[in-house]
Amino acid sequence: MSEQQTVNNAGAQVVVPETIASPGRLVMRRFLRNKLAIVGLVILLVIIVFAYLGPLFSPYGEYEIFYGKNGEELINATSAQLSEAGVSTFARQQPSLRHPLGTDRNGQDMLTRLMYGGRISLMMGIVCIAIELALGMVLGGIAGYYGRWVDNLIMRIVDIFYCIPTLPIVMILSSYFTAIKVPSAHRMYYLMLVIGILGSFGIARLVRGQILSLREQEYMLAAEATGLRPSRRIFKHLLPNVMPQLIVSATLGVGSVILFESALSFLGLGVPFPYASWGNIVEAVNDTMIMRHNLNIWVPPGVCIFLTVMAINFVGDGLRDAFDPKMKR
């Protein structure tokens, strides 16, 4: 119950309780009081607008390559001009009015590539977490509700996969996809599926632990007495009560997946060219000449990764504190 108001009525004091706030409103109130969480949310919204709306205002395409001759860019060049001697890609150019962040080593506009790269990095984080939640909730819900041999079977499988290091497995599978010449677009989706499946086992353990404590509550005994099917008890009564913990875990997990994808792309095993992601743009730093003389190529995606992960962590911490009933501030 919220604070009380005292009202004078004919010399007597009458205590009138304020309207009781709903749990959702209390969570929102606690979240909005967290300044770091609000800062993180604002940064995240700016990055989303930059990645998804920015390309609408860019005059260049994602795969558009610019050409130059003798250090000067050829603007609106014809095919005959491009076939002349001395014409090459307008690569590794410093920032200018036409290219605010310069061009990369392939002669493509860096700012445009950064926008499209943000789309893929954010999409991979969200899709992987969605797969993790879907599979983890099903496995953890069934194991926690039925218990006994079902719990033992599912959790032993979860323990086996949970002990397998994710990075080497994904690197091996990515190399295999390359060896069998899987199309670039399909390879990206296979990577999301693999990362999502391997990450779901941690979610399954979290859900299972929560449901073990919830299934003995009085409302579950009442649901069982009314004759509800087990599937309805799990998905309608048990899993919704685990959602606060899952929301926090998913929020923090998005940042981890973005970092993981960036590491894979940096190693050349993530999102393949010509698709852009912040990770495979940063991969250009493997060239020592670019690292020393072309900061405009690798610093901006690094800053985007840093800001995105930091903002997501701020929001996740804010949600964790907001969902904690022991928090008083």
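The values are calculated or read from the model by the stated rules, or taken from the named source; none is laboratory data. Note that the structure is a prediction, hence the values are computed from the model and not measured. So basically every Cβ, Gly included, is an ideal-geometry build from the backbone, and we count neighbours across all protein chains shown.
Only one residue in I203, I258, I234 is in the same structural domain as F177 (by TED's automatic domain parsing) and either among the polar types (S, T, N, Q) or in contact with an Asp or Glu (Cβ under 7 Å, 6 or more places away or on another chain) (or both), so which one is that?
When all the criteria are applied, what remains is I203.
Quick one: would you say V282 is assigned to a helix (DSSP H, G or I) and in contact with a Pro (Cβ under 7 Å, 6 or more places away or on another chain)?
yes
Is it true that S231 is closer than 29 Å to Y190 by Cα and among the hydroxyl-bearing types (S, T, Y)?
For S231, the condition - closer than 29 Å to Y190 by Cα and among the hydroxyl-bearing types (S, T, Y) - is not met.
Which ones in segment 246-279 are aromatic (F, W, Y) and in a loop (DSSP other than H, G, I, E, B)?
Across segment 246-279, the qualifying residues are F273, Y275.
Specify the residue that is farthest from Y52 (Cα to Cα); the eligible residues are those in segment 90-110 that are surrounded by 21 or more Cβ atoms within 10 Å (Cβ to Cβ) and of a type in the set (A, V, I, L, M, F, W, C).
Step by step, filter segment 90-110, then rank; the result is F90.
If we keep just the residues of segment 143-185 that are in contact with a Pro (Cβ under 9 Å, 6 or more places away or on another chain) and closer than 30 Å to F235 by Cβ, which is surrounded by the most Cβ atoms within 10 Å (Cβ to Cβ)?
Filtering first and then ranking leaves Y145.
Whether any residue in segment 77-88 is in contact with a Leu (Cβ under 7 Å, 6 or more places away or on another chain), polar (S, T, N, Q) and more than 26 Å from V257 (Cβ to Cβ) is what I want to check.
Yes, segment 77-88 has at least one match.
Which condition breaks for P100 when tested against (1) without any contact (Cβ under 8 Å) to a residue 40 or more places away in the chain; (2) farther than 21 Å from I47 by Cα?
Evaluating P100 over (1) without any contact (Cβ under 8 Å) to a residue 40 or more places away in the chain; (2) farther than 21 Å from I47 by Cα leaves (2) as the failure.
I need a count of the residues in segment 159-208 that are closer than 18 Å to G268 by Cβ, aliphatic (A, V, I, L, M) and either in contact with a Lys or Arg (Cβ under 8 Å, 6 or more places away or on another chain) or in contact (Cβ under 8 Å) with a residue 24 or more places away in the chain (or both).
10
Of all residues in segment 281-329, which are over 30 Å from R29 (Cβ atoms), modelled with pLDDT of 85 or more and touching a Gly at 6+ places or on another chain (Cβ under 9 Å)?
I281, V282, N294, N296, I297, P301, C304, I305 - these are the residues of segment 281-329 that are over 30 Å from R29 (Cβ atoms), modelled with pLDDT of 85 or more and touching a Gly at 6+ places or on another chain (Cβ under 9 Å).
Quick check, is L32 over 23 Å from D109 (Cβ atoms), under 38 Å from the mean Cα position of the chain (by Cα) and either modelled with pLDDT of 75 or more or loosely packed, with under 10 Cβ neighbours inside 10 Å (or both)?
Yes: the conditions hold for L32.
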